[in-house]
Amino acid sequence: MNTSRREFSDTWLVIPCYNEGQVIFDVITEARKTFPNIVAVNDGSKDDSAEAIRASGAHLVNHPVNLGQGAAIQTGVEYARTQPGAQYFVTFDADGQHQVKDVKAMIDRLRTEPYDIIVGTRFAGQDNSQVPWIKRVVLRTVVFLSPRTRRLGLSDAHNGLRVFNKKVADEMDIRMSGMSHASEIVNMIDQKGWRVTEQPVDILYTEYSMSKGQSLINGVNILADGLVARRLK
């Protein structure tokens, strides 16, 4: 095991996966160069995602039917938190948008600073022109609709890149499926008193990821989640 992999042997990446057979092998293979411990939850995919995950060397958990991203994250966290030596946990997208360099920086902060959870953000006073304009408008609107999100100082609560400690992993109990789990996590941060901060991250908007997750329908789903957040305030 190389030095970097030894350094992060106490860290588990949790990757929810639904029909990402085209890219999931490469995403996991690249991440495993640094993070040896990865569990990917195949959330009822209809393509060859499960076979690709198995071939990548990651731990594989299968949902027989599609339960939604929130359920897949909860399943992955429950699996990872029982593993010997697991202390730090990462939610990491399957479509190649998240970068290992950002995870490393977030883990380093979690080890040395007094936080329980760090959430990635595309909007921390930096150039966010790479974010599709529809996405920018939608995400800003969701923050506006959620007083709790604003109170916690979170500018990008729907960013799927999150790093958290064992306390958070043990207490995490996501009940909402689909995009609504993001607001539920914000609710848990507030109610459980988890110490939270943000970390600027770079999101890779590839042609593949744009076709998968940046559509108008996706934006509508996120806005609907904003209404959930307003109800949970």
Practice problem: Would you point out the residue of segment 1-37, among those that are closer than 20 Å to Asn165 by Cα and in a helix (DSSP H, G or I), that is nearest to the chain's Cα centre (by Cα)? | Solution: Ala31
Quiz item: Regarding His158, is this residue touching a Gly at 6+ places or on another chain (Cβ under 6 Å) and either at pLDDT below 80 or crowded, with 22+ Cβ neighbours inside 10 Å (or both)?
Solution: no
Exercise. State yes or no: is Ala86 under 24 Å from Ala182 (Cβ atoms), out of contact with any Pro (no Cβ under 6 Å at 6 or more places or on another chain), surrounded by 21 or more Cβ atoms within 10 Å (Cβ to Cβ) and at pLDDT 95 or above?
Key: no
Quiz prompt | Which listed residue is part of a strand (DSSP E or B), in contact (Cβ under 8 Å) with a residue 12 or more places away in the chain, within 24 Å of Ser183 (Cα to Cα) and in contact with a helix residue (DSSP H, G or I) (Cβ under 7 Å, 6 or more places away or on another chain), from Ala94, Ala40 | solution = Ala40
Quiz item: Mind checking whether some residue in segment 54-65 is of a type in the set (Ser, Thr, Tyr) and outside any helix (DSSP H, G or I)?
Solution: no
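The values are calculated or read from the model by the stated rules, or taken from the named source; none is laboratory data. Quick caveat, the model's predicted, so the values are computed rather than measured. Note: ideal-geometry Cβ built from the backbone for every residue, glycine included; neighbour counts use all protein chains shown.
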